[in-house]
Amino acid sequence: MIRIALAAAALLIAPLAGAQLYKYVDKDGKTVYTDQPPAATESKQLRVAPPAAPSSGPKSNLERDKELQKSRDSEKDKGKKAEEAAKAAEQKAANCQVAKNAHQHYQDGGRIYKYNAAGEREFMSDAEIDAARAKSKRDMDEACKP
């Protein structure tokens, strides 16, 4: 019981026991800080507050586990995003290659055919080939832009 009373009294008095600090300039022009007042020199008394108690103590195991899980989840999300970006880049490269091949087909020239509504093959006219070449060029430019 006495120990508890002494501990309570010490805790009540502790904030009042702030350290005294004195500041003065000595004869050489140096600024001096000391805990005792100087003898024959004008000094300024400074009040130093005791260090603040930490706002929270050490983290509990549960808090540490939550932080670790949060970091694991963020790493997993980063991995998924990187994987999706790689797949998108791969798909874009494949689309670009298909468009380049289609454009090259019309650039090579020769007799090019198409299928009509009845499913029969018929050769394209020069005007149709030129229109298809221009369309394939636009498609290629769109698919292969950076």
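The values are calculated or read from the model by the stated rules, or taken from the named source; none is laboratory data. All figures in this text were calculated on a predicted structure; none of them were measured in a lab. Here Cβ is always computed from backbone atoms with ideal geometry, including for glycine, and neighbour counts include all displayed protein chains.
Miscellaneous remarks
- Just so you know, in the range 77-110 the residues that are touching a residue at least 40 places away in the same chain (Cβ under 8 Å) and not charged (D, E, K, R) include one that is surrounded by the fewest Cβ atoms within 10 Å (Cβ to Cβ), and it is 98.
- Conditions (1) surrounded by fewer than 11 Cβ atoms within 10 Å (Cβ to Cβ); (2) modelled with pLDDT under 90; number of the one not met by residue 128: (1)
- Where residue 146 falls short, out of the listed (1) within 46 Å of the chain's Cα centre (by Cα); (2) part of a helix (DSSP H, G or I); (3) modelled with pLDDT under 90: (2)
- The lone criterion from (1) modelled with pLDDT of 90 or more; (2) in contact with a Pro (Cβ under 7 Å, 6 or more places away or on another chain) left unmet by residue 43 is number (1).
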